[in-house]
Amino acid sequence: MIIQRYIKHEFLKKIKSGKVLVLLGARRTGKTFFIKQILKEIKTPYLLLNGDDYTTSSLLEKRSIANYRNIIGKNKLLIIDEAQKINSIGNILKLMIDEIPGLTIIATGSSVFDIS
């Protein structure tokens, strides 16, 4: 049984072009499950990456706008689960959101990470 959560409705309202949403919570509290439920309701083309996967870190390591545009492609929503595992994630997110028009980013993490 899935319990309807108040936060789901509020979270959906916050998904806007040019914004980064950060979902923080303790380990094993359902952040990934929550994001997957959100994605079922969104019609926007998206790319879901996992910070636990070394390939994700490798992809994002080359900090260039051209690289990020290539990775994101025609997707308008980028989700990075376990984003705190990626070095310099705050700077990476800032570069993407500043330089890729129409992009929205959702980052999840189980601990506070550098988003400054």
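The values are calculated or read from the model by the stated rules, or taken from the named source; none is laboratory data. Just so we're clear, the structure is a prediction, and the values are computed from it rather than from any experiment. All Cβ positions, even for glycine, are placed from backbone atoms using ideal geometry, and neighbour counts span all protein chains on display.
Annotations for the structure displayed:
- Counting residues in the stretch 37-52 that are surrounded by 14 or more Cβ atoms within 10 Å (Cβ to Cβ) and small (Gly, Ala, Ser) gives one or more.
- Which listed residue, of Leu59, Leu103, is surrounded by 16 or more Cβ atoms within 10 Å (Cβ to Cβ) and not β-branched (Val, Ile, Thr): Leu103
- Entry remark, the stretch 64-75: residues being surrounded by 13 or more Cβ atoms within 10 Å (Cβ to Cβ) and either under 11 Å from Met96 (Cβ atoms) or modelled with pLDDT under 95 (or both) number 5 in total.
- Meets criteria (surrounded by fewer than 16 Cβ atoms within 10 Å (Cβ to Cβ) and out of contact with any Asp or Glu (no Cβ under 7 Å at 6 or more places or on another chain)) for Leu78: no
- Restricting Ile97, Ile92, Ile7 to those that are among the β-branched types (Val, Ile, Thr), out of contact with any helix residue (DSSP H, G or I) (no Cβ under 9 Å at 6 or more places or on another chain) and in a helix (DSSP H, G or I) reduces the list to Ile97.
- Hey, Ile7 surrounded by 17 or more Cβ atoms within 10 Å (Cβ to Cβ), out of contact with any Pro (no Cβ under 9 Å at 6 or more places or on another chain) and among the aliphatic types (A, V, I, L, M) or not: no
- Assessment of the stretch 15-31 against the conditions (charged (D, E, K, R), under 13 Å from the mean Cα position of the chain (by Cα), surrounded by 13 or more Cβ atoms within 10 Å (Cβ to Cβ) and over 20 Å from Ile89 (Cβ atoms)) yields no matching residue.
- Single residue of the stretch 29-86 satisfying the filter (in a helix (DSSP H, G or I) and among the small types (Gly, Ala, Ser)) that is farthest from Lys19 (Cα to Cα): Ser58
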